[in-house]
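Undergrad: Before I ask anything, here is the structure I am working with.
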Amino acid sequence: MATTYDYDEAPATYDEGRHQDLGYDPNFVPDSVKSFVVHLYRHIREKNVYEIHQMYEISFQTLSDRLFKDTPWPSVDAVAHYVDNDQVFCLLYREMWFRHLYARLSPTLKQRIDSWDNYCSLFQVVLHRVVNMQLPNQWLWDMVDEFVYQFQSFCQYRAKMKNKTEQEIALLRQYDQAWNVYGVLNYLQAFVEKSNIIQILEQEKEGLEQFTATDGYDYSGGSNVLKVLGYFSMVGLLRVHCLLGDYQTGLKCLLPIDISQQGVYTSVIGSHIATIYHYGFANLMLRRYVEAIREFNKMLLYIYKTKQYHQKSPQYEQILKKNEQMYALLAICLSLCPQVKLVDETVNSQLREKYGEKMARMQRYDDEAFVIYDELFSYACPKFITPSAPSFEEPLVNYNQDAYRLQLKLFLYEVKQQQLLSGVRTFLKVYSTISLGKLANYMEVDEPTLRTILLTDKHKTHAVDSDGKIISNADVDFYIDDDMIHVVESKPVKRYGDYFLRQIVKLEGVINDMDRIKLE
């Protein structure tokens, strides 16, 4: 059982209350914060992962809500002497300090640059020194997640040049290496390489490693920090490449993790969702709709079954937001590739409730349909970034929307091409064989144009997967022999067993409810 410390429930002392009234004093350390850092430092030194996790997940949030709702935590200099001025602990404390600042307040440009410097110092220590710590997976995931988020936030901030002060422009010129895209990618790549995580996962397949079985922890007294940061950095790289619009490279970075299996990425809900969201989105943009539908379906079903367990988690709002975004992406995938048989009944009924009407309108491929595609894509896509530095010459312009507009344009161009094919698919679903001439007649085009449309359909319903194999997304396939089109419809396999099992579970539920009713 977790030890309960006095700072968790302690009433605010007179001094603490006064500190909040008079505004923020970075050097004032309330007793409960002293107690927090002393205990956290001790547990980190003792490698007591369970206690560190309790303090990191629960106590830090409790103190933040009670004392630091709209002010930062005390400065690292103010708490350093309570923890023997330990360099690594101070870097970790500052990492949490900045994360709290980003979550509750608006960081200044100088604070954004200082946070970058802190990450550089912390990552240099992990990469180049022997770090004798065990930290909870949740914290290590948050570190990678926040690092990528702050990079994204900095790129968005820097791209809004119109209202920047002269002082801000001078700072941006002076610290032009802060949050540089190559620096961010290099750190994430360095973690992957230095941790040997790819080799570890390979050896695990041969039964020589226990990385997933131990959730990445090292029970022989070593450290899990570099290995787990290397593992989560592969997800971080996928996310950065998605933000840059390079989906192929992003998926390549994730290849060592087998997402068809449980893994360390599923041990932290935020990491699980981020992995599948970005994996699914990248596949959607590469026209691998079947793969995207499969993974979104699995993830949405998982959230549906488990979200009640996360209601008290600080990540709960984020879980709900990503859940809604993935439903929107699933609606897009199914409209472009109607493979409803891949979707679980529960997910499908939720989807129909949220987007049933819109999906019916999206099938029409008229102007109204494009507006809906635009709306769903804009709501559910990642916040794309332009990583290049601005031109500091006059006039200063905002370019923070440029990357998003480009990705939207490419996506809508793809949708427009599908418009041409929806008519052909409608006819193919009706016939098992039809002559080219007859179909051309129905579609009011000449035969050469029809052959072009049919070739386009073949191209659009097939994609290249990560192994370089050509995969089909088609619910209706066909081949042409002389001047006859032969249609091969893939019939869904009816799963009677699943249906009966669901009905049995429902019946048991009804019987249990009836048993609980006491008759007068």
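The values are calculated or read from the model by the stated rules, or taken from the named source; none is laboratory data. Keep in mind that this is a model prediction, so the values were computed, not measured. Note that we place each Cβ from the backbone using ideal geometry, even for glycine, and neighbour counts take in every protein chain shown. The area values use the complete protein model at the heavy-atom level, side chains included, leaving out ligands, DNA and RNA. Shrake-Rupley method; radii C 1.70, N 1.55, O 1.52, S 1.80 Å.
Undergrad: Being among the polar types (S, T, N, Q) and in contact (Cβ under 8 Å) with a residue 24 or more places away in the chain is the filter here; which residues of region 208-252 pass it? Can you show your working first?
TA: Filtering region 208-252 for residues among the polar types (S, T, N, Q) gives 210, 212, 214, 220, 223-224, 233, 248-249.
Of everything in region 208-252, those that are among the polar types (S, T, N, Q) and in contact (Cβ under 8 Å) with a residue 24 or more places away in the chain turn out to be Thr212, Ser223, Asn224, Ser233, Gln248.
Undergrad: Something else: What residue, among those in region 462-491 that are aliphatic (A, V, I, L, M) and more than 28 Å from Asn441 (Cα to Cα), is modelled with the highest pLDDT? Full working, then the answer.
TA: Just the residues of region 462-491 that are aliphatic (A, V, I, L, M), to begin with: 463-464, 470-471, 474, 476, 480, 484-485, 487-488.
Imposing the further condition that a residue be more than 28 Å from Asn441 (Cα to Cα) reduces the set to 463-464, 470-471.
Numbers: Ala463: 72, Val464: 74, Ile470: 77, Ile471: 74.
This residue is Ile470.
Undergrad: Please state which one of Leu208, Leu201 is in contact with a Phe, Trp or Tyr (Cβ under 8 Å, 6 or more places away or on another chain) and more than 23 Å from Phe384 (Cα to Cα).
TA: Details: Leu208 fails: in contact with a Phe, Trp or Tyr (Cβ under 8 Å, 6 or more places away or on another chain).
Only one candidate passes the filter, namely Leu201.
Undergrad: On to the next question. Look through region 304-358, keep the residues that are among the β-branched types (Val, Ile, Thr) and under 15 Å from His272 (Cα atoms), and return whichever of them is farthest from the chain's Cα centre (by Cα). Working first, answer last.
TA: Initial filter on region 304-358 (among the β-branched types (Val, Ile, Thr)): 306, 319, 332, 340, 343, 346-347.
Subsequent filtering for residues that are under 15 Å from His272 (Cα atoms) retains 306, 319.
Values: Thr306: 17, Ile319: 10 Å.
The qualifying residue farthest from the chain's Cα centre (by Cα) is Thr306.
Undergrad: Now for a separate question. Out of Tyr404, Tyr413, report the one residue that is open to solvent by 30 Å² or more (accessible area, probe 1.4 Å) and touching a Ser or Thr at 6+ places or on another chain (Cβ under 9 Å). If you could, list the steps in order and put the result at the bottom.
TA: Values: Tyr413 fails: touching a Ser or Thr at 6+ places or on another chain (Cβ under 9 Å).
Answer to the selection: Tyr404.
Undergrad: If we only count helices (runs of 4 or more DSSP H) wholly inside region 185-279, which ones have 3 or more residues that are closer than 30 Å to Leu329 by Cα? Full working, then the answer.
TA: Numbers: elements: 197-205, 225-244, 247-254.
Result: 225-244, 247-254.
Undergrad: Next up: Does Arg129 satisfy the criteria of being open to solvent by 40 Å² or more (accessible area, probe 1.4 Å) and touching a residue at least 60 places away in the same chain (Cβ under 8 Å)? Reasoning before the result, please.
TA: On the way: open to solvent by 40 Å² or more (accessible area, probe 1.4 Å): yes; touching a residue at least 60 places away in the same chain (Cβ under 8 Å): no.
Taking the combined requirement at face value, the residue does not satisfy it.
Undergrad: Return the residues of region 430-482 that are in a strand (DSSP E or B) and among the charged types (D, E, K, R); say none if nothing qualifies.
TA: Residues satisfying the conditions are Asp477, Asp481.
Undergrad: Inspect all residues belonging to region 195-214 and state whether any of them is under 19 Å from Asp145 (Cβ atoms), touching a helix residue (DSSP H, G or I) at 6+ places or on another chain (Cβ under 6 Å) and of a type in the set (S, T, N, Q).
TA: Our first condition is that a residue be under 19 Å from Asp145 (Cβ atoms); within region 195-214, this holds for 195, 197.
Subsequent filtering for residues that are touching a helix residue (DSSP H, G or I) at 6+ places or on another chain (Cβ under 6 Å) retains 195, 197.
From the residues that got through so far, the ones that are of a type in the set (S, T, N, Q) too are 195.
The answer is yes; a qualifying residue exists.
Undergrad: Please go through region 317-341 and give me each residue that is more than 21 Å from Phe411 (Cβ to Cβ) and out of contact with any Phe, Trp or Tyr (no Cβ under 9 Å at 6 or more places or on another chain), ordered by number. Even if it seems obvious, please write down each step before you answer.
TA: Here is the first cut: in region 317-341, the residues more than 21 Å from Phe411 (Cβ to Cβ) are 317-320, 323, 340-341.
Listed by number, the residues that qualify are Glu317, Gln318, Ile319, Leu320, Val340, Lys341.
Undergrad: Quick one: Ile58 ticks every box in (1) touching a helix residue (DSSP H, G or I) at 6+ places or on another chain (Cβ under 9 Å); (2) surrounded by fewer than 17 Cβ atoms within 10 Å (Cβ to Cβ); (3) within 30 Å of Asp176 (Cβ to Cβ) bar one, so which box is it?
TA: It fails just one condition, (3).
Undergrad: Shifting gears a bit: Within region 370-380, does at least one residue satisfy the condition of being crowded, with 18+ Cβ neighbours inside 10 Å and either under 30 Å from His100 (Cβ atoms) or among the acidic types (Asp, Glu) (or both)? Give the derivation first.
TA: Let us first name the residues in region 370-380 that are crowded, with 18+ Cβ neighbours inside 10 Å, namely 372-373, 376-377, 380.
Filter once more, keeping what is either under 30 Å from His100 (Cβ atoms) or among the acidic types (Asp, Glu) (or both): 380.
The answer is yes, given that some residue of region 370-380 is crowded, with 18+ Cβ neighbours inside 10 Å and either under 30 Å from His100 (Cβ atoms) or among the acidic types (Asp, Glu) (or both).
Undergrad: Look through Tyr265, Tyr302 and report the one residue that is assigned by TED's automatic domain parsing to the domain that holds Leu320 and open to solvent by 30 Å² or more (accessible area, probe 1.4 Å). Before you say what the answer is, go through the steps one by one.
TA: Values: Tyr265 fails: open to solvent by 30 Å² or more (accessible area, probe 1.4 Å).
Among Tyr265, Tyr302, only Tyr302 is assigned by TED's automatic domain parsing to the domain that holds Leu320 and open to solvent by 30 Å² or more (accessible area, probe 1.4 Å).
Undergrad: Is it the case, given these coordinates, that Leu420 is more than 30 Å from Lys307 (Cβ to Cβ), hydrophobic (A, V, I, L, M, F, W, C), open to solvent by 30 Å² or more (accessible area, probe 1.4 Å) and assigned to a helix (DSSP H, G or I)?
TA: Values: more than 30 Å from Lys307 (Cβ to Cβ): yes; hydrophobic (A, V, I, L, M, F, W, C): yes; open to solvent by 30 Å² or more (accessible area, probe 1.4 Å): yes; assigned to a helix (DSSP H, G or I): yes.
Yes; evaluated as a whole, the condition is true for this residue.
Undergrad: Answer yes or no as to whether Asp117 is surrounded by fewer than 19 Cβ atoms within 10 Å (Cβ to Cβ), part of a helix (DSSP H, G or I), acidic (Asp, Glu) and without any contact (Cβ under 8 Å) to a residue 60 or more places away in the chain.
TA: Details: surrounded by fewer than 19 Cβ atoms within 10 Å (Cβ to Cβ): yes; part of a helix (DSSP H, G or I): yes; acidic (Asp, Glu): yes; without any contact (Cβ under 8 Å) to a residue 60 or more places away in the chain: no.
Judged against the criteria, Asp117 is not a match.
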